[in-house]
Amino acid sequence: MSLRTRLALTLCALIVLLISSMSYFLYHRSAAVLNQEATDYLAAQMARAKAHIDLLLEITRLETVSLSRDQKVLRFLEGRVDTASMNRYLRDLMAARNNSEKRYMDFFVLNLKGRITTATRPDFLDLDLYSREYYQESLRTGETVTSDILVSRSDGSLIIITVSPIYSPD
């Protein structure tokens with residue numbers, strides 16, 4: 001084989017090796033850039049989702065506080081509104097708040113012993129929640145408390161419960 005042929009073959013081999021190396025480097029570098037962009041995008045989406053969840057929790061907390069100050073609820077606790085009327089009132093209130101998206105499964109009022117005394121779902125009446133951590137914390141602190149994520153006993157869905165103490169005006 002002549003020197004010219006050997007040089008040409010060596011040069012071709014070097015060029016193939018260089019192109020292969022550059023391709024490998026570019027592939028891995030672009031994959032790293034794309035992975036970083038995907039990670040950054042996912043982090044931004046997760047931050048947005050967290051902000052949305054925090055907003056929904058705050059709305060739920062504020063609506064729970066509002067319900068705890070509702071005059072009809074106070075009259076019910078004073079014995080001036082019967083259970084059937086209060087159940088209808090809570091059903092109508094929940095329907096109005098669930099009109100655009102279903103966020104609430106039940107509205108209910110507990111007595112000091114932790115028993116549900118009125119609810120949008122009559123099958124929950126007299127259910128004892130006294131031992132539940134969120135109820136105990138609300139009793140202890142006198143503040144509105146949101147539970148951790150729970151599994152609903154009625155249908156197995158994931159739920160949270162927000163409770164707020166109800167104080168009489170005096």
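Taking Cα centre as origin and charging only the Cβ of basic (Lys, Arg, +1) and acidic (Asp, Glu, -1) residues, the dipole magnitude of the chain rounds to 680 debye.
Counting only protein heavy atoms and using a 1.4 Å probe, the accessible area of Glu143 comes to about 110 Å². Carbon-plus-sulfur accessible fraction, the chain (probe radius 1.4 Å, protein heavy atoms only): 60%. Counting 0.36 nm for each residue step from Ala8 to Tyr167 and taking away their Cα separation leaves a gain of 47.8 nm. Against the criterion of solvent-accessible heavy-atom surface with a 1.4 angstrom probe, Arg88, Arg132 sort, most first, into Arg88, Arg132. About its Cα centre, the range 69-144 has a charge dipole of approximately 200 debye under the convention of +1 per Lys or Arg Cβ and -1 per Asp or Glu Cβ, with nothing else charged. Rounded to the nearest 500, the 222 nm mean residue ellipticity of the chain from helices alone is -20000 deg cm²/dmol, with -39,500 (n - 2.57) taken per DSSP H run of at least 4 residues.
Figure the gain on full extension for Asp70 and Glu137 (residue separation times 0.36 nm, minus the Cα-Cα span) and round it to one decimal in nm.
21.9 nm
With the charge dipole of the chain set up from +1 on Lys and Arg Cβ and -1 on Asp and Glu Cβ about the Cα centre, the Cα lying farthest toward the positive end among the listed residues Leu17, Val151, Leu67 is that of Leu17.
Normalising by residue count, the chain has a Cα convex hull of 181 Å³ per residue.
Accessible surface for the chain, divided over its residues, is 72 Å² per residue with a 1.4 Å probe.
Once R0 is set to 41 Å, what does the formula 1/(1 + (r/R0)^6) return for the Cβ-Cβ distance between Lys102 and Met22, expressed as a FRET efficiency to the nearest 0.05?
Computed FRET efficiency for Lys102 and Met22 comes out at 0.15.
What is the range 1-130's relative contact order, in percent, from Cα pairs under 8 angstrom and six or more apart in sequence?
12 percent
Of the options Met46, Thr117, Leu56, report the single residue whose Cα projects farthest towards the positive end of the charge dipole of the range 30-127 (beta-carbon charges: Lys, Arg +1; Asp, Glu -1). With unit charges placed on the Cβ atoms, the residue in question is Thr117. Anisotropy class assigned to the range 104-170 is oblate, per the alpha carbon gyration tensor with a/c at or over the 1.5 cut-off and a/b no larger than b/c.
The values are calculated or read from the model by the stated rules, or taken from the named source; none is laboratory data. All values derive from a computational prediction rather than experimental measurement. Positions of Cβ are generated from backbone atoms using ideal geometry, with glycine treated the same way; all protein chains shown enter the neighbour counts. Accessible surface is based on the protein model in full, side chains and every heavy atom, while ligands, DNA and RNA are left aside. Shrake-Rupley method; radii C 1.70, N 1.55, O 1.52, S 1.80 Å.
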